[in-house]
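Report on the structure given below.
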């Protein structure tokens, strides 16, 4: 099987597993991802055709963040797992005890708890979003962001941005470039 990365010495097992899974599942993404940076601690990516303020990162979890004016404004979603070795394999210690499953390996657990839910979120939420709301500010109590499927009216302290580089203006930016779903 062809690896998704050129460096065969990717150290963290979760990164190797993710890159191999991504290579095998690229065609399933409604919004493709492009790896932009890999270190021993994390992998970063952009979503092809999506406003570059939205990015993804894999550490020991997957997060999708929004960067605005050089700051991480908010994370739109996180996918987490905490593998714990047991006699029969691995289970996720974050799951409630009555719902815990035993997986044959950490790789299988990561696919089930991180990679597949991330793919589902990309296809069901990100691909269908048209706008992103950017809220709060440095002078306020916090910052946050939210995907929207329809353009919403902006209140005085809200900014909504679509997701496309092609539609940047003072108060709106689309989620996707022109012609994207």
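The values are calculated or read from the model by the stated rules, or taken from the named source; none is laboratory data. Note that the structure is predicted; figures quoted are calculated from it, not measured. As a convention, Cβ positions derive from the backbone with ideal geometry for all residues, glycine included, and neighbour counts pool all protein chains shown.
Results, tabulated for the structure shown:
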{"item": "Residue count for the range 53-90, restricted to those that are touching a residue at least 12 places away in the same chain (Cβ under 8 Å) and within 19 Å of residue 135 (Cβ to Cβ)", "result": "15"}
{"item": "Failed item, numbered, when residue 127 is tested on (1) surrounded by fewer than 21 Cβ atoms within 10 Å (Cβ to Cβ); (2) more than 21 Å from residue 67 (Cα to Cα); (3) touching a residue at least 60 places away in the same chain (Cβ under 8 Å)", "result": "(2)"}
{"item": "Selection count, the range 5-31, where residues are assigned to a loop (DSSP other than H, G, I, E, B), surrounded by fewer than 17 Cβ atoms within 10 Å (Cβ to Cβ) and either outside the structural domain of residue 57 (by TED's automatic domain parsing) or modelled with pLDDT under 95 (or both)", "result": "5"}
{"item": "Filter result for the condition that a residue is touching a helix residue (DSSP H, G or I) at 6+ places or on another chain (Cβ under 7 Å) and either at pLDDT 95 or above or not assigned by TED's automatic domain parsing to the domain that holds residue 145 (or both), over 110, 45", "result": "110"}
{"item": "Checking residue 96 against (1) over 17 Å from residue 146 (Cα atoms); (2) under 13 Å from the mean Cα position of the chain (by Cα), the condition it does not meet", "result": "(2)"}
{"item": "Residue list for the range 56-72, filter: crowded, with 20+ Cβ neighbours inside 10 Å and over 27 Å from residue 93 (Cα atoms)", "result": "66"}
{"item": "Residue, surrounded by the fewest Cβ atoms within 10 Å (Cβ to Cβ), within the range 76-99, restricted to residues that are out of contact with any strand residue (DSSP E or B) (no Cβ under 8 Å at 6 or more places or on another chain) and part of a strand (DSSP E or B)", "result": "85"}
{"item": "Residue check, residue 63 more than 26 Å from residue 127 (Cα to Cα), at pLDDT 95 or above and not assigned by TED's automatic domain parsing to the domain that holds residue 136", "result": "no"}
